[in-house]
Amino acid sequence: MNGVESVEVEVVRLAHGHDLALPDYATAAAAGADLLAAIADDIELGPLERRIVPTGIALALPVGFEAQVRPRSGLAAKHGITVANAPGTIDADYRGEVGVILVNLGREPFRITRGMRIAQLVVARHARAVWREVGELDRTARGAGGFGSTGVTTGSVRTA
């Protein structure tokens with residue numbers, strides 16, 4: 001796609017994922033590539049149950065990049081299925097299988113089948129912080145206002 005940076009990521013398809021597609025983007029402008037469930041037998045994920053679901057792939061990311069495992073919005077909205085540690089981070093030096101920690105926040109059991117699109121993978125640049133201890137931080141209008149301090153509406157009406 002024009003204007004979108006691309007990066008080459010090496011991928012190994014593991015034996016139990018031999019017949020599954022590699023991560024792929026559902027649309028031309030999608031940020032996340034779909035990850036598939038590389039399971040032999042269906043998994044029934046009960047309410048509040050979590051499970052590491054294998055994807056059948058391992059990656060080699062370039063240094064300076066990470067891959068973020070994120071929930072699929074349709075699974076979350078329709079069934080309450082999300083990624084427990086969202087976003088899960090895959091570091092450039094990790095060479096094991098990509099696993100997805102799925103959790104069922106819904107009220108009904110959810111069945112995961114082989115090849116099902118269970119999560120999405122976003123590859124992103126990152127920086128390493130160089131920590132510099134100081135005695136005091138610069139002041140901002142927000143200051144130390146934390147969770148909920150900016151309210152939930154825009155404009156002149158504010159609700160904290």
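As a calculated quantity, the FRET efficiency between residue 44 and residue 130 at R0 = 41 Å, using C-beta atoms, amounts to about 0.30.
Computed on region 11-125, with alpha-carbon pairs under 8 angstrom and 6+ residues apart, the relative contact order is 37 percent. Residues whose amide H comes within less than 5 Å of that of residue 57, counting only those at least five positions distant or on another chain, are 14, 98 (H built at 1.01 Å from N in the peptide plane). The trypsin sites (Lys or Arg not before Pro) of region 109-155 that meet both conditions, a loop assignment by DSSP and at most 16 other Cβ atoms within 10 Å of the site Cβ, are 128, 132, 139, 142. Each Cα pair under 8 Å and six or more residues apart adds its sequence gap; the mean of these over the residue count of region 59-160 is a relative contact order of 29 percent.
Taking loop as defined by DSSP and a crowding limit of 16 other beta carbons within 10 Å, which GluC sites (Glu not before Pro) in region 89-160 fit? For GluC sites (Glu not before Pro) across region 89-160 that sit outside H, G, I, E and B with at most 16 neighbouring Cβ atoms in 10 Å, the list reads 133, 136. Stretching the chain fully between residue 141 and residue 77 yields a gain of 19.5 nm (0.36 nm per residue, less the alpha carbon separation).
What shape does region 88-160 have by the C-alpha gyration tensor, where a ≥ b ≥ c are the square roots of the eigenvalues, rounded means a/c under 1.5, and otherwise prolate means a/b greater than b/c and oblate the rest? In terms of gyration-tensor shape, oblate. Be a star and scan region 91-135 for residues whose amide nitrogen sits under 11 Å from the point 7 Å along the Cα-to-Cβ vector of residue 19. From region 91-135, the list is 114-115. Shape class of region 11-125 from the alpha-carbon gyration tensor: prolate, with a/c at 1.5 or above and a/b greater than b/c. Restriction of the GluC sites (Glu not before Pro) in region 1-53 to DSSP coil positions whose beta-carbon has at most 14 other beta-carbons within 10 angstrom yields 5, 8, 49.
Computed from the coordinates by the stated procedures, all read-outs in this text should not be read as laboratory data. In this text, all values refer to a predicted model and were calculated from it rather than measured experimentally. Cβ coordinates were reconstructed from backbone atoms using ideal geometry, including for glycine residues, and neighbour counts include every protein chain displayed.
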